[in-house]
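The values are calculated or read from the model by the stated rules, or taken from the named source; none is laboratory data. Note that this is a predicted model, so its numbers are computed, not measured. Virtual Cβ from ideal backbone geometry, glycine too; neighbours counted across all protein chains shown.
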Amino acid sequence: MAISCYSLLLLSLLLSPFLVKPSSSESDSDRVAELLHLQSRSKSGIIHLDDHSLSRFLATPPRSYSLLIFFDAEQLRDKPDLHLQELRHEFALISQSYISHNQNLPSKSKVFFCDLEFKESQSSFGLFSVNSLPHIRHVGPDVQNPKDSDPMDQSDFARLAESMAEFVESKTKQTVGPIIRPPLFSRNQILFLVLCLVISSPFIVKRIIAGETLLHDPKIWLSFAIFVYFFSVSGAMHNIIRKMPMFMTDRNDPTRLVFFYQGSGMQLGAEGFAIGFLYTVVGLMLGFVTHFLVYVRNVKVQRVFMFVAILVSFWAVRKVIYLDNWKTGYGVHGFWPNSWK
């Protein structure tokens, strides 16, 4: 009996090289096949992971693929200063563009775009030492410790998908290609607009010839000029490009709203509109004095309105200087000539 057990043990040792589990490359190919399957089931191409699935796909390196992980938190998506929903949408555009441009190429299985949700993957957040959002990580094929993976700099979020794509290409050495954005109008909407334009074109031409359109009304041009002036001096373009909120909640008191942020690093929408309103008041006073007040024949009335216009303009400019001093910390004051002292 002892001899037979010894023989079986010796036989198993001799056959062990042929009975071991398939090589790591075969295991890696299985993981790649599953990632491609999960990718195909996602409309955006982003693979949703949790603690369990992430640990499987972060198996012992080397791996044949890279992971781009977007860290998300459902309870923080409504925070306007984080822009999580917008950034995730841009991240999805990168994923779709990469898949589309690498559809029939081996590089399709080299990069996978994933996301993690905080409530479902708190352990993974701790594994990557993620304590603030937005956050994107690149886990390369040779990374063993998740903390050694490459985080995306906050500056790379500025140009949204374009700057994110540059980060992906620099880390993975793969080409994302041009970002494919959905058209502003669908095909049916364009056809409907063209149809409406064709039907209404005879009536539009008739009103243009008769001079009865809104474009022939001086009041419309005056209102449009005031709007352009306000748009220019209020920083509205900055708010649109940066997608700045009108206001934000106070971090120390969530029930309190902050309309003016002290510090030159950020400008809220309400700040720009307030300054734009003050500048517009000064512009309107100047336009009133130079275009309307000159036609008043009574000199006393002219002087009264001139004095009121100067007082209102002085008050508006003083408020602008005060807000600028309060926000930036730099003081603006006058210098008197030495002979006046």
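Before we move on, is Y261 crowded, with 16+ Cβ neighbours inside 10 Å, in a helix (DSSP H, G or I) and more than 17 Å from the chain's Cα centre (by Cα)? No: the conditions fail for Y261.
Rundown of residues vs (1) more than 31 Å from the chain's Cα centre (by Cα); (2) in the same structural domain as P106 (by TED's automatic domain parsing); (3) within 30 Å of V111 (Cα to Cα); (4) modelled with pLDDT of 90 or more, yes/no style:
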| residue | (1), (2), (3), (4) |
| --- | --- |
| A165 | no, yes, yes, no |
| I179 | no, no, yes, no |
| I190 | no, no, no, no |
| L197 | yes, no, no, no |
| S201 | yes, no, no, no |
| V205 | yes, no, no, no |
| I209 | yes, no, no, no |
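G283: surrounded by 10 or more Cβ atoms within 10 Å (Cβ to Cβ), touching a Ser or Thr at 6+ places or on another chain (Cβ under 8 Å) and either among the basic types (K, R) or in the same structural domain as R303 (by TED's automatic domain parsing) (or both), yes or no? Against the criterion (surrounded by 10 or more Cβ atoms within 10 Å (Cβ to Cβ), touching a Ser or Thr at 6+ places or on another chain (Cβ under 8 Å) and either among the basic types (K, R) or in the same structural domain as R303 (by TED's automatic domain parsing) (or both)), G283 does not qualify.
Within region 188-238, the residues that satisfy the criterion of being small (G, A, S) and surrounded by 10 or more Cβ atoms within 10 Å (Cβ to Cβ) are S200, S201, S223, A225, S232, S234, G235, A236.
Going through I190, I180, I226, I204 one at a time, which residue ends up being in contact with a helix residue (DSSP H, G or I) (Cβ under 6 Å, 6 or more places away or on another chain) and of a type in the set (V, I, T)? Show your work before the answer.
Details: I190 fails: in contact with a helix residue (DSSP H, G or I) (Cβ under 6 Å, 6 or more places away or on another chain); I226 fails: in contact with a helix residue (DSSP H, G or I) (Cβ under 6 Å, 6 or more places away or on another chain); I204 fails: in contact with a helix residue (DSSP H, G or I) (Cβ under 6 Å, 6 or more places away or on another chain).
Only one candidate qualifies: I180.
Would you please name the residue that is surrounded by the fewest Cβ atoms within 10 Å (Cβ to Cβ), looking only at residues in region 42-73 that are part of a strand (DSSP E or B) and touching a Leu at 6+ places or on another chain (Cβ under 9 Å)? Going through the qualifying residues, I end up with H48. Exactly one residue out of V194, V168, V228, V176 is of a type in the set (A, V, I, L, M), in a helix (DSSP H, G or I) and within 30 Å of H138 (Cβ to Cβ), and it is V168. Residues in region 124-157 that are without any contact (Cβ under 8 Å) to a residue 60 or more places away in the chain, acidic (D, E) and farther than 24 Å from R77 by Cβ were compared, and the one that is surrounded by the fewest Cβ atoms within 10 Å (Cβ to Cβ) is D148.
Among what's in region 82-119 and is among the polar types (S, T, N, Q), out of contact with any helix residue (DSSP H, G or I) (no Cβ under 7 Å at 6 or more places or on another chain) and part of a helix (DSSP H, G or I), pick the residue that is farthest from F157 (Cα to Cα). Ranking the candidates gives S107 first. For I241, the conditions (1) free of Cβ contacts under 8 Å to residues at least 60 places away in the same chain; (2) part of a loop (DSSP other than H, G, I, E, B); (3) among the aliphatic types (A, V, I, L, M) are fulfilled apart from (2).
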